[in-house]
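Since every read-out is calculated from the coordinates, none of them should be taken as a lab result. Everything numeric here is computed off the predicted structure, so don't read it as measured data. Counting neighbours? That spans all protein chains shown, and the Cβs are built from the backbone with ideal geometry, glycine included.
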Amino acid sequence: MALSRLRYPLNFSRSLRLLSSTYSTRSISRTSNSRILSVGGDGNLRPASLSRLAGICDSSLKSKWIDVRYFSSADFSHEVLGMPALSPTMTQGNIAKWRKKEGDKIEVGDVLCEIETDKATLEFESLEEGFLAKILVPEGSKDVPVGQPIAITVEDQNDIQNVPASVGGETGVEEKKPTGQDTKDEETKLESTSTKINASELPPHILLEMPALSPTMDQGNIVKWRKQEGDKIEVGDILCEIETDKATLEFETLEEGYLAKILVPEGSKEVAVGQAIAITVEDANDIDAVKNSISSSSTTQQEKATQGETKSEVKAQKSNTRRISPAAKLLIAEYGLDASTLNASGPLGTLLKGDVLSAIKSGKLSPKPASSKEKASHQQVTASQESKSDLKQSAVYEDFPNSQIRKVIAKRLLESKQNTPHLYLSSDVILDPLLSLRKDLKEQYDIKVSVNDIIIKVVASALRNVPEANAYWNDEKGEVILSDSVDISIAVATEKGLMTPIIRNADHKTISAISSEVKELAAKARAGKLTPHEFQGGTFSISNLGMFPVDKFCAIINPPQACILAVGRGNKVVEPVIGSDGVEKPSVVNKMNLTLSADHRVFDGKVGGTFISALQSNFSDIRRLLL
């Protein structure tokens, strides 16, 4: 399968971790020389409000600014740089790398540091010149809240020495070997793997975690390891192929070293984001030490598991089966079992229905000695058992494993039907003008377009004329948000599931341009080559089953969008048509059904009716789309 290469940051925990001790806060005087810079959702850096730094902070702000010491700014001119919001959904970030060191000269446009957000790793640029006086949040720090100060800059180099030593000195930020809480944190991450590892016993190493390769990804599948244990890895090398909820992507390394141990083998399914998948080391001599440490830990864990299983079995054998549930009694009587030989799992030693069914399924049954009364019904019970056995043998089935994409689609569609109030609006449109336009484009201009290409243009034009329909519901704000651009998502069936590549700004594109883009995106979707920006987003979806014998259907909304248009096939029908002579005559026309599924929080009857009317108008006068 062809793959889409996408550079994403490595989520890793170093064995030499960066520790920061807690220390008290104090307010600072508000002056014209002190300010915090932040980045808005549009990506522009701008001064942020200083109300949180002036005078006495309220309790809500104190919790957000804990573990940061401020100082008086009256003696020299400086700027406090805050953790920027580099994406609309970002609430915290990781300092991946500082490009500038303390004391370095910085110019406008210089990259200060690399910040790992919830989307990708981005560069944080400076919009003012000066000197980097103090780094408040060291390289490698994780989960730094948006707005928390990360550095201090000054205009004059001589002012660097005026920055109080307590700003950095009292934080106690220094590199340490993994001890105490850090070791516990790393071991917690390793507990989710099949082998529990004592991080303190390992040599200097980097722990690679399952990365979040898309905003909606919470787990992934390891399709293939490109590197094997002991291999040398360089910056940019492909470590493995990961199947996400959208596509199969390549996981690149941003550091050189050696792949010491693969913790999650090839073919593993539903690996949680953040779970440790591999360990790398800088020195090739440390590879054996990592393998030996993990092997010894695995052996110890297996021995403990075996002992635990033995104790469980002994306990189960000693369980009291005097209490029997009514359903279990019926099964015991029906199958003629000896209740004293069955293991009970219920409270107070109660024998449950599941215990009896498990025993029946395993085939290890001990029949109860038959009494004189029971012998009469023995033949009837035997016949009943044989009939049930025949039914079980005839119920042959095959488990069909789902791809990661199909699992996510199933989850999202269920959430959509449960959480989104669907409004359905249906209408038939006359297809003849569209078919006539398609024929003329082919014969006169040698331009081949599909019916679906023209439908995309018709819908995009209607959305431009009815902007209230090009919107979505914002759960946080509890209001409707109008979208600036008309981006149409097209449903494309692939072997792994349904993909929705996007035709962006479809209302500004010609039909031929839309046709070319649809063909290109559909081919990439089927080959698994779509990149995230080609399928993430969209303001409106179209699902077309016109190539199948489907007259009409209702599609399910794809959140966070508010609409999806279901397109059926065209059918010839006889309708009265007024001719040129003004006389009404029966005529054969091609009609097609359109069913709109809309979020009722966004669409009321008026908006929905207006949009359907715009669609009807565009289909009846299709050639005006060429203007």
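Side notes on the structure shown:
- Contour excess over end-to-end distance, with Cα ends at residue 617 and residue 157 and 0.36 nm allotted per residue: 158.8 nm
- FRET efficiency estimate (nearest 0.05) - Cβ-Cβ, residue 338 to residue 435, R0 60 angstrom: 0.20
- For residue 606 and residue 536, the difference between the fully extended length at 0.36 nm per residue and the C-alpha to C-alpha distance is 22.3 nm.
- With a Förster radius of 45 Å applied to the C-beta separation of residue 504 and residue 228, the computed FRET efficiency comes to 0.65.
- Of 227/407; 224/496; 457/606; 269/291; 100/227, pairs whose Cα-Cα distance is over 25 Å: 227/407; 100/227
- Among 451-459, 551-559, the peptide with the highest mean count of other Cβ atoms within 10 Å heads the list, and the full ranking is 451-459, 551-559.
- Percent of C-alpha pairs per 5 Å bin, the stretch 559-627, short to long: 3, 13, 15, 18, 19, 15, 9, 4, 2, 1, 0
- The stretch 210-273: GluC sites (Glu not before Pro) in DSSP loop, at most 16 other beta carbons within 10 Å: 229, 234, 255, 256, 266, 270
- Length released on extending from residue 573 to residue 77, taking residue separation times 0.36 nm less the Cα-Cα span: 170.6 nm
- Net +/- balance of residues flanking residue 593 in space, Cβ distance below 10 Å, scoring K and R +1, D and E -1: +1
- Modelled label positions at residue 464 and residue 218, each set 7 Å beyond Cα in the direction of Cβ, lie 3.9 nm from each other.
- Projecting label points 7 angstrom from Cα along Cα→Cβ for residue 422 and residue 624 puts them 3.3 nm apart.
- Surrounding net charge for residue 575, when Lys and Arg each add one and Asp and Glu each subtract one, Cβ distance under 13 Å: 0
- Sparsely packed loop sites in the stretch 395-467 (the chymotrypsin sites (Phe, Trp or Tyr not before Pro) outside DSSP H, G, I, E and B with at most 16 other Cβ atoms within 10 Å) comprise 397.
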